[in-house]
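Report on the structure given below.
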Amino acid sequence: MPPLQPKLSTPISVLMYHQIGRFDNPKEHRSCYCEVDSFRRQMAWLKYLGYRVITLEQARAAVFEQQLLSHPAVVLTFDDGYENFAEYAYPILREYGYPAVLFAVSGLLGQPARWLANGGVDAPLLSGAGLRELRAGGIEIGSHSVSHPRLGRLDPAAYRAEIADSKAALEDLLGAAVESFAYPYGDYTPEVRDAVAAAGYRVAVTCSRGAAQTAPHPLEIPRKAIAWGDDLLGFFWKLRFKNRRKDRYA
Ligand SMILES: [Zn+2]
């Protein structure tokens, strides 16, 4: 039998998650919650349907260096670095052997996610020790800035510090290079993107929607948000069909 013909056109979906756990039917920010039982089913179905779960770096190389993929592929990204990632998502990822990247807010480690509407009282963020443990367990740690601001609204000195200082702090903490960045709220400008490049990141993700192949630049890779209301059908609808680019900058 001839080998499967690799196709660059095989869409790569970079999925965006925030909190994984058990929640009381959230009224607001529903795209920021995923029930752990739904998450488990989604991970099982990726395997069942033959998706390859790859790293963000592998996705970047596939799109920008034309490294061909023989399977439809998915990247799993988790924003903010919540404690519930370690409790609920990590054991499931381990079970399946899936790589993932967790984007941490370097100035708020071990504290509540203060930028949330309720002051983040229910949303503790992982400590430095927690991040180190996850990294030792194979999870990539990326930067999500120092304090989770809207970078596009800051002056250049302030956004450069958010971008570069978070990288330095996480690298000190982990003793390893931090090469991925996620724009808080997906808020960025071309100048912010250039500052991310100047700080030495290789890849960055936005909140625009589409397949990774629609990225105009390695530091502007779109994602697909998996929301509270997504049942398995909705999940696969997003994976399979929501590939055209739909921009959202803030
Ligand atoms: Zn965030």
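Assessment of region 120-136 against the conditions (at pLDDT 95 or above, open to solvent by 50 Å² or more (accessible area, probe 1.4 Å) and either over 23 Å from Leu93 (Cα atoms) or within 14 Å of the chain's Cα centre (by Cα) (or both)) yields no matching residue.
Selection of region 194-250 for residues being modelled with pLDDT under 85, aromatic (Phe, Trp, Tyr) and in contact with a Phe, Trp or Tyr (Cβ under 9 Å, 6 or more places away or on another chain) yields Trp228, Tyr249. Scanning region 42-72 for residues that are charged (D, E, K, R) and surrounded by 13 or more Cβ atoms within 10 Å (Cβ to Cβ) yields Lys47, Arg52, Glu57, Arg60. Within region 123-154, track down each residue that is among the aliphatic types (A, V, I, L, M), within 16 Å of the ligand (Cβ to nearest atom) and assigned to a loop (DSSP other than H, G, I, E, B). Ala123, Leu126, Val146, Leu154 - these are the residues of region 123-154 that are among the aliphatic types (A, V, I, L, M), within 16 Å of the ligand (Cβ to nearest atom) and assigned to a loop (DSSP other than H, G, I, E, B). Within the option set Val63, Val74, being in a strand (DSSP E or B), among the β-branched types (Val, Ile, Thr) and more than 16 Å from the ligand (Cβ to nearest atom) holds for one residue only, Val74.
Inspect region 13-24 for any residue being more than 19 Å from Tyr183 (Cα to Cα), at pLDDT below 95 and open to solvent by 70 Å² or more (accessible area, probe 1.4 Å) and give the result as yes or no. For region 13-24, residues more than 19 Å from Tyr183 (Cα to Cα), at pLDDT below 95 and open to solvent by 70 Å² or more (accessible area, probe 1.4 Å): present.
Restricting to region 83-99, what's the tally of residues that are within 16 Å of the ligand (Cβ to nearest atom) and either of a type outside the set (Phe, Trp, Tyr) or open to solvent by 40 Å² or more (accessible area, probe 1.4 Å) (or both)?
Filtering region 83-99 down to residues within 16 Å of the ligand (Cβ to nearest atom) leaves 83-85, 89.
From what's left, either of a type outside the set (Phe, Trp, Tyr) or open to solvent by 40 Å² or more (accessible area, probe 1.4 Å) (or both): 83-84, 89.
Adding up the residues that qualify gives 3.
Of the numbered criteria (1) among the β-branched types (Val, Ile, Thr); (2) open to solvent by 10 Å² or more (accessible area, probe 1.4 Å); (3) within 16 Å of the ligand (Cβ to nearest atom), the one Thr189 fails is (3).
Scanning region 141-154 for residues that are buried (at least 16 other Cβ atoms within 10 Å of the Cβ) and farther than 16 Å from Leu109 by Cα turns up Arg150, Leu151, Gly152, Leu154. Per the listing Ala182, Ala176, Ala129, Ala158, the residue uniquely closer than 23 Å to Arg60 by Cα and either touching a His at 6+ places or on another chain (Cβ under 7 Å) or free of Cβ contacts under 8 Å to residues at least 12 places away in the same chain (or both) is Ala182. For first residues located in region 100-113 and under 24 Å from Phe39 (Cα atoms) and more than 14 Å from the ligand (Cβ to nearest atom), partners that are of a type in the set (S, T, N, Q) and outside any loop (DSSP other than H, G, I, E, B) and lie 6+ apart or on another chain with Cβ distances below 9 Å form the pairs Ala100/Thr77.
Of the listed requirements (1) of a type in the set (Gly, Ala, Ser); (2) under 30 Å from Lys27 (Cβ atoms); (3) open to solvent by 40 Å² or more (accessible area, probe 1.4 Å); (4) not in a loop (DSSP other than H, G, I, E, B), Ala157 misses just one: (2).
The values are calculated or read from the model by the stated rules, or taken from the named source; none is laboratory data. If you're wondering where the values come from, they're calculated on a predicted model, not measured in any experiment. Note that each Cβ is placed from the backbone with ideal geometry, even for glycine, and that neighbours are counted across all protein chains shown. The area values use the complete protein model at the heavy-atom level, side chains included, leaving out ligands, DNA and RNA. Shrake-Rupley method; radii C 1.70, N 1.55, O 1.52, S 1.80 Å.
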